[in-house]
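The values are calculated or read from the model by the stated rules, or taken from the named source; none is laboratory data. This structure is a prediction, so every number in the text was calculated from the model and none was measured. Cβ atoms come from the backbone with ideal geometry, glycine included; neighbour counts cover every protein chain shown.
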């Protein structure tokens, strides 16, 4: 199960969800080109618990059918708060020995028993004869079982799990070469959780999740609509949500506090770090 490694398929479905919203994108990969076929943001029925893999999987299956989204090979995104994500320095090490090295070092870092962990890692430098830096991710095995159960109930094939911070890294660097140099602050705003990532010279240098609930009116579908999809996701103007409304102002103030905390936490390990650019993204459904 690859948490960090990239794979391709002619057609794939990417899913991400929280307690309030499902976000789905169906894509086709063809000769290195990725085409978005359909995208949707779907509110979760308040009577359905996303913690119940059986009930939520069935709801997900029906929701995707109603949204006109098909496909079995599925990548599911995991939010930062569900993952132990560490950067590990390593001495010059041959590739076949890296997995054992990672497990040995991570045993001391995990907040749960090593036997309960599923580990994956990405290598930041390919030269085995030089000191290496590894981005290591760990989740609990029962969490992996949960995602497998949801996929099964939804009639999907879980191709892999993806980390939301790593997805943000790929998103900001894939089509914007300038993002591969300097320091980029990425703020990915969701209905209940915001991912705050710092990308340094094209690598993920810092990642944190902040729990900030957005006002429900920002993510509720319009009257008569079961979802928000396609052109509304990609082209709705930001001026649709006036900043003067008190609930929105409160949410923005909370987000600014969390962003400031994150930047200062990074500067505690990288003194004098200067932000070159800020990317604000979101999956609120608005």
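Under the condition of being assigned to a strand (DSSP E or B) and within 18 Å of residue 23 (Cα to Cα), which residue from segment 189-202 is nearest to the chain's Cα centre (by Cα)? Steps first, please.
As a first pass, look at segment 189-202 and keep what is assigned to a strand (DSSP E or B): 189, 193-200.
Retained after the next criterion (residues that are within 18 Å of residue 23 (Cα to Cα)): 189, 193-195.
Values: 189: 11, 193: 11, 194: 10, 195: 8 Å.
Out of the qualifying residues, it is 195.
Of everything in segment 127-147, what is surrounded by fewer than 17 Cβ atoms within 10 Å (Cβ to Cβ), free of Cβ contacts under 8 Å to residues at least 60 places away in the same chain and touching a helix residue (DSSP H, G or I) at 6+ places or on another chain (Cβ under 9 Å)? Give them in sequence order.
128, 141, 142, 145
Looking at this structure, is residue 34 closer than 29 Å to residue 119 by Cβ, touching a helix residue (DSSP H, G or I) at 6+ places or on another chain (Cβ under 7 Å), at pLDDT below 90 and in a strand (DSSP E or B)?
On the way: closer than 29 Å to residue 119 by Cβ: yes; touching a helix residue (DSSP H, G or I) at 6+ places or on another chain (Cβ under 7 Å): no; at pLDDT below 90: yes; in a strand (DSSP E or B): yes.
No; evaluated as a whole, the condition is false for this residue.
Only one of these is in a strand (DSSP E or B) and either modelled with pLDDT under 90 or surrounded by 14 or more Cβ atoms within 10 Å (Cβ to Cβ) (or both): 223, 205. Name it.
Working: 223 fails: in a strand (DSSP E or B).
Going through 223, 205 in turn, the sole match is 205.
Are any residues in segment 77-105 in a helix (DSSP H, G or I), modelled with pLDDT of 90 or more and surrounded by 13 or more Cβ atoms within 10 Å (Cβ to Cβ), and if so, which ones?
80, 82, 98, 101, 102, 103, listed by residue number.
Kindly indicate whether residue 12 is modelled with pLDDT under 95, surrounded by 15 or more Cβ atoms within 10 Å (Cβ to Cβ) and not in a helix (DSSP H, G or I).
Working: modelled with pLDDT under 95: yes; surrounded by 15 or more Cβ atoms within 10 Å (Cβ to Cβ): yes; not in a helix (DSSP H, G or I): yes.
Considered against the rule, which asks whether it is modelled with pLDDT under 95, surrounded by 15 or more Cβ atoms within 10 Å (Cβ to Cβ) and not in a helix (DSSP H, G or I), residue 12 comes out as yes.
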